[in-house]
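Report on the structure given below.
The values are calculated or read from the model by the stated rules, or taken from the named source; none is laboratory data. Worth saying up front: this structure is predicted, and the values here are computed from it rather than measured. Every residue, glycine among them, receives a Cβ derived from its backbone with ideal geometry; neighbour counts consider all protein chains shown.
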Amino acid sequence: MKLKVLGSSAGGGFPQWNCNCRNCDGVRRGTVHATRRTQSSIVVSANGVDWLLVNASPDLLAQIAAHPELQPARHTRDSGIAAVVTMDAQIDHVTGLLMLRENNGPLPLYLTDSVMHDLSTGFPVLSLLEHYCGVERHRIPLDGSSFGIPALPGIRIEALPLSSKAPPYSPHREAPQRGDNIGLTFIDEAAGKSAFYAPGLGALEPHVLEAMRAADVLLVDGTFWTPNEMIELGLSKKTSTDMGHLAQSGVGGMIEVLDSIERAGVRKVLIHINNTNPILVEDSPERRVLAKHGIEVAFDGMAFEL
Ligand code: MLT
Ligand code: MN
Ligand code: ZN
C-alpha cells in the first residue's frame, strides 16, 4: 500500500491568504525556517496507478499538479483518482469536489449519511455535481464492518465515528450526529500493515485509542499546540476543543496520548497543522519536544510504503 500526503495544513493553508501571524508572515518573507503547506488531504493506492483521494481540499488542482503519479495519461481525458472519500463535510475537505466536475462519468464518492445530508443541504455540492459528472454515492458503514473500493484491491478500510461537530453551515451543527466526522484505518491485507488517519480528533475515546494502537502509521490531528492558541493570538474566540481538535501539549494532550502507544516500529505523525502552530517552524523549541517523543510533522509530499 502506498500513501501520500497531498496537503498537511489545516483549513486556510500555510500561509493563509489573509494571515500575518508570526508563522504566515515569516514563511512569506523567508524569515522563519518553515515550508508552505496546502490544505488537508491524502491519497492511498494499492498499485501506484489508481488512487483513492481522501478528502478533496480547496487546493486540489495544485496538489494534482504537484504529484505527477496522479496523472497516468492512459486516455485523452484521464486521472489516477479513481474514487474519493470525505471524512467530514468541512469546507477544507469537500470544496475540491467541485474541481472534479469534468470526471469521466459519475464520480465514485464514499461518505457517511450525515455528511451526505450536509452536502445535499447546507452546501449542496452533490446536487450541483448532478449537472456535471454526477456522483456515484457509496454509504460508509459505521457498524464496525470494513469496506473495500474496487480500484484498491487488497486494501480494506475501517471507519470509526469520532465525537466532533458538523461544520458551521450544517443544519445540524448544534445537534451532532454519528458520522459527522470519522477516522479511517487503511489495511493492506497481504502485507498485514495498516495506517490510521484522523485529521480532526477532538477526543480520544476508547474505540479510537484501540484503532490507534493497532496501526503501523498514525496520521493524527496536529492542528494546535495549545488549546488557547487562536485566542492568545487574538484570531478567534474558540478553543481547540470548541473546534473539535485535541491540542498537542499539556496534560491529556496528543503528545501524552502518542507516548502511550508503544507498538514496535510505529510512525507517529501529526497532520492537519494550523498555520498558527509553532511546530511548523523547524528549529522551534516545540519541534524539539516532538522529536524527543519520536513524533514527526507531516509535509506536503510525505510518502509511506506499507
Ligand atoms: C477545522 O478542521 O476546524 C477546519 O480546518 C476549519 C475550516 O476548514 O475552516
Ligand atoms: Mn479542517
Ligand atoms: Zn497565520
Regarding the stretch 27-34, can at least one residue be identified that is within 17 Å of the chain's Cα centre (by Cα) and among the hydroxyl-bearing types (S, T, Y)? no
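Collect the residues in the stretch 201-233 that are within 14 Å of ligand 2 (Cβ to nearest atom) and within 14 Å of G252 (Cβ to Cβ), keeping them in residue-number order.
Within the stretch 201-233, the first condition is being within 14 Å of ligand 2 (Cβ to nearest atom), and the residues that meet it are 201-202, 219-224, 230.
Across the stretch 201-233, the qualifying residues are L201, G202, D221, F224.
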Pairing a residue in the stretch 179-199 that is within 23 Å of H117 (Cβ to Cβ) with any residue that is within 16 Å of ligand 3 (Cβ to nearest atom), where Cβ atoms lie under 6 Å and the two sit 6 or more apart in sequence or on different chains, gives P199/S40; P199/H272
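When you scan the stretch 190-200, do you find a residue that is more than 19 Å from the chain's Cα centre (by Cα), part of a strand (DSSP E or B) and either of a type in the set (D, E, K, R) or within 15 Å of ligand 2 (Cβ to nearest atom) (or both), even just one?
Step one: list which residues in the stretch 190-200 are more than 19 Å from the chain's Cα centre (by Cα), which gives 190-193.
Restricting the remaining residues to those that are part of a strand (DSSP E or B) gives 193.
Going one step further and asking which of them are either of a type in the set (D, E, K, R) or within 15 Å of ligand 2 (Cβ to nearest atom) (or both), we end up with 193.
Yes, the conditions are met somewhere in the stretch 190-200.
I'd like the full set of residues that are surrounded by fewer than 21 Cβ atoms within 10 Å (Cβ to Cβ) and either of a type in the set (A, V, I, L, M) or touching a His at 6+ places or on another chain (Cβ under 9 Å) (or both), limited to the stretch 93-102.
Passing the criteria: L98, M99, R101.
At least 3 residues that are closer than 18 Å to S9 by Cα and touching a Gly at 6+ places or on another chain (Cβ under 7 Å) in each: list the strands (runs of 3 or more DSSP E) lying fully within the stretch 216-306 that qualify. I'd like the intermediate steps shown before the answer.
On the way: elements: 217-221, 267-271, 295-297, 303-305.
Ranges flagged: 267-271.
Checking the condition within 23 Å of D59 (Cα to Cα) and crowded, with 22+ Cβ neighbours inside 10 Å, which residue from G105, G122, G134, G200 passes? Explain how you work it out, then say what you get.
Values: G105 fails: crowded, with 22+ Cβ neighbours inside 10 Å; G122 fails: crowded, with 22+ Cβ neighbours inside 10 Å; G134 fails: crowded, with 22+ Cβ neighbours inside 10 Å.
Result of the check over G105, G122, G134, G200: G200.
Please find, among L61, L98, the residue that is more than 14 Å from the chain's Cα centre (by Cα), away from ligand 2 (no atom under 15 Å from the Cβ) and within 20 Å of E130 (Cα to Cα). Step through it out loud before you land on a result.
Details: L61 fails: within 20 Å of E130 (Cα to Cα).
Criteria check complete, one pass: L98.
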Counting only helices (runs of 4 or more DSSP H) entirely within the stretch 1-110, those with at least 2 residues that are out of contact with any helix residue (DSSP H, G or I) (no Cβ under 6 Å at 6 or more places or on another chain) and within 26 Å of N181 (Cα to Cα) are 60-66, 91-94
Quick count over the stretch 235-272, residues being modelled with pLDDT of 95 or more, within 12 Å of ligand 1 (Cβ to nearest atom) and more than 30 Å from G192 (Cβ to Cβ), is 0
Subset of the stretch 168-210, residues in contact with a Lys or Arg (Cβ under 7 Å, 6 or more places away or on another chain) and not charged (D, E, K, R), comes to P176, I187
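Filter the stretch 108-119 down to residues that are touching a strand residue (DSSP E or B) at 6+ places or on another chain (Cβ under 8 Å) and touching a residue at least 60 places away in the same chain (Cβ under 8 Å) and give me whichever is surrounded by the most Cβ atoms within 10 Å (Cβ to Cβ).
To start, the set of residues in the stretch 108-119 that are touching a strand residue (DSSP E or B) at 6+ places or on another chain (Cβ under 8 Å) comprises 108-113, 116, 119.
Next, from what is left, pick out any that are touching a residue at least 60 places away in the same chain (Cβ under 8 Å): 112-113.
Values: T112: 25, D113: 12.
If we take residues in the stretch 108-119 being touching a strand residue (DSSP E or B) at 6+ places or on another chain (Cβ under 8 Å) and touching a residue at least 60 places away in the same chain (Cβ under 8 Å), then T112 is surrounded by the most Cβ atoms within 10 Å (Cβ to Cβ).
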